[in-house]
Amino acid sequence: MDFSIVSIFPNTTLEIVSGFILLFFGFVLGYLFQAKKSQVKSLIREAKMRAGQIKALEDVNKDMEATMRRLSAKEFELSNANQRLRELEDAKSKFVSVSTHQLRTPLAAIKWTFHMFLNNQLGEISAEQKEFLQKGFDSTERMIKIVNELLAIDLSSASPDDVYQFGAVELESLIKNILAEFYSPAQSKDINFVFDSPPSDLPPVRADLAKLKIVLENLIDNAVKYSARGGQIMIGIDDRDVNSSQPKVKISIKDKGIGLSSEAKKKIFQKFYRAPEAVSLEPDGSGLGLSIAKDIIGKHGGTIWFESEAGSGAVFHFTLPLFQK
Ligand code: ADP
């Protein structure tokens with residue numbers, strides 16, 4: 001028996017089937033081709049996108065390199081400028097230090113010459129001559145104060161180890177000596193000092209005598225300057241913390257002068273600040289004293305602060321650690 005396809009299906013049927021099969025394969029191939037084509041297209045799109053991204057990244061990279069180059073150039077410029085500033089600061093410091101030291105000796109000589117005239121040590125002088133000589137003496141003292149302030153400001157940037165000589169300082173005698181210096185300016189304004197002497201067993205504080213003197217002189221000078229005629233200045237030493245874990249004393253200088261406005265309260269420790277009401281009462285002043293005092297007290301390990309009501313006086317307090325052997 002012959003079972004060949006040819007024998008089962010007639011010729012035409014065979015052609016139709018093979019036609020279908022071919023068509024089917026044609027469709028499948030067409031579909032596969034289309035699928036591949038769109039896959040290839042999307043791959044090409046993606047590749048283009050990636051290439052775009054790579055280009056963008058390269059651009060960013062170039063920008064960054066350029067920025068880095070500019071930054072390095074700026075850094076170089078800044079470090080040069082910084083070096084130059086340090087040199088200028090050094091030169092300024094040396095200039096202030098040399099000129100103030102050079103000024104101090106002749107100024108002291110002028111002051112003592114006026115002093116000798118005023119005390120009739122160089123012969124009798126008339127009341128009129130005395131008045132002029134007193135002006136000369138006062139102006140010289142002001143100049144000495146400014147020179148000392150400039151020196152102190154200059155030293156404020158130095159390390160305390162280099163410029164401070166700490167030792168045991170007896171407060172009572174120091175304050176009494178300073179009050180004696182201010183006796184004449186206080187008397188000329190009818191101001192009297194009231195010093196509450198501390199208990200006789202008050203231990204000494206740890207301080208640099210010369211620097212502490214600058215602080216006390218400045219606070220007492222301010223109390224006199226910023227008081228109207230007929231005031232009173234009270235100086236007190238509070239010893240309640242001498243036996244605490246951080247033994248210290250508190251010194252207070254209280255006046256009944258012009259006091260501090262709310263604006264002045266924010267600024268008085270800034271260099272060169274002078275409140276307008278202070279300037280109109282006392283035109284002479286540098287605005288440096290309190291900033292120097294704050295620096296000095298800080299370097300002693302103490303604190304300085306004030307309380308005041310505008311028009312009703314001010315009280316300045318500062319603390320100092322006790323001297324410990
Ligand atoms: P100066 O007295 O030379 O102006 P200071 O630094 O000692 O400089 O003081 C700064 C400012 O603080 C003063 O100009 C004044 O406005 C204010 N001040 C200081 N002490 C007193 C005080 N006892 N009473 C009122 N104002 C004061």
Identity of the residue in the range 298-313, part of a loop (DSSP other than H, G, I, E, B) and not polar (S, T, N, Q), that ends up nearest to the ligand (Cβ to nearest atom)
G313
Taking the range 253-273 only, how many residues are buried (at least 20 other Cβ atoms within 10 Å of the Cβ), near the ligand (Cβ under 7 Å from one of its atoms) and closer than 22 Å to K145 by Cα?
3
Conditions first: (1) within 10 Å of the ligand (Cβ to nearest atom); (2) under 22 Å from A210 (Cβ atoms); (3) not aliphatic (A, V, I, L, M). P321 passes all but one, so which condition is the exception?
(1)
Can you say whether R240 is basic (K, R), within 11 Å of the ligand (Cβ to nearest atom) and assigned by TED's automatic domain parsing to the domain that holds L202, as far as the supplied structure shows?
no
Considering only residues that are in contact (Cβ under 8 Å) with a residue 60 or more places away in the chain, buried (at least 16 other Cβ atoms within 10 Å of the Cβ) and assigned to a helix (DSSP H, G or I), which ones fall in the range 151-172?
A152, I153, D154, P160, L171
Output the residue which, of all residues in the range 274-284 that are assigned to a loop (DSSP other than H, G, I, E, B) and free of Cβ contacts under 8 Å to residues at least 24 places away in the same chain, is farthest from the ligand (Cβ to nearest atom).
P283
Could you tell me how many of the residues in the range 175-213 are open to solvent by 50 Å² or more (accessible area, probe 1.4 Å) and part of a loop (DSSP other than H, G, I, E, B)?
6
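Yes/no matrix, rows are residues, columns are (1) over 19 Å from G298 (Cβ atoms); (2) aromatic (F, W, Y); (3) modelled with pLDDT under 90; (4) not assigned by TED's automatic domain parsing to the domain that holds G298:
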position: K145; (1), (2), (3), (4): yes, no, yes, yes
position: I175; (1), (2), (3), (4): yes, no, no, no
position: K189; (1), (2), (3), (4): yes, no, no, no
position: V194; (1), (2), (3), (4): yes, no, no, no
position: K211; (1), (2), (3), (4): no, no, no, no
Within the range 285-297, identify whether any single residue is over 18 Å from the mean Cα position of the chain (by Cα), in contact (Cβ under 8 Å) with a residue 60 or more places away in the chain, over 17 Å from L209 (Cα atoms) and within 8 Å of the ligand (Cβ to nearest atom), and answer yes or no.
yes
Go through (1) away from the ligand (no atom under 16 Å from the Cβ); (2) at pLDDT below 95; (3) under 27 Å from the mean Cα position of the chain (by Cα) for K250 and report which single condition fails.
(2)
Of (1) of a type in the set (K, R); (2) open to solvent by 70 Å² or more (accessible area, probe 1.4 Å); (3) closer than 24 Å to D295 by Cβ, R84 satisfies all except one. Which?
(3)
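The values are calculated or read from the model by the stated rules, or taken from the named source; none is laboratory data. Because the structure is a prediction, the values reported are computed rather than measured. Cβ atoms come from the backbone with ideal geometry, glycine included; neighbour counts cover every protein chain shown. Accessible surface areas use protein heavy atoms only, side chains included; no ligands, DNA or RNA. Shrake-Rupley method; radii C 1.70, N 1.55, O 1.52, S 1.80 Å.
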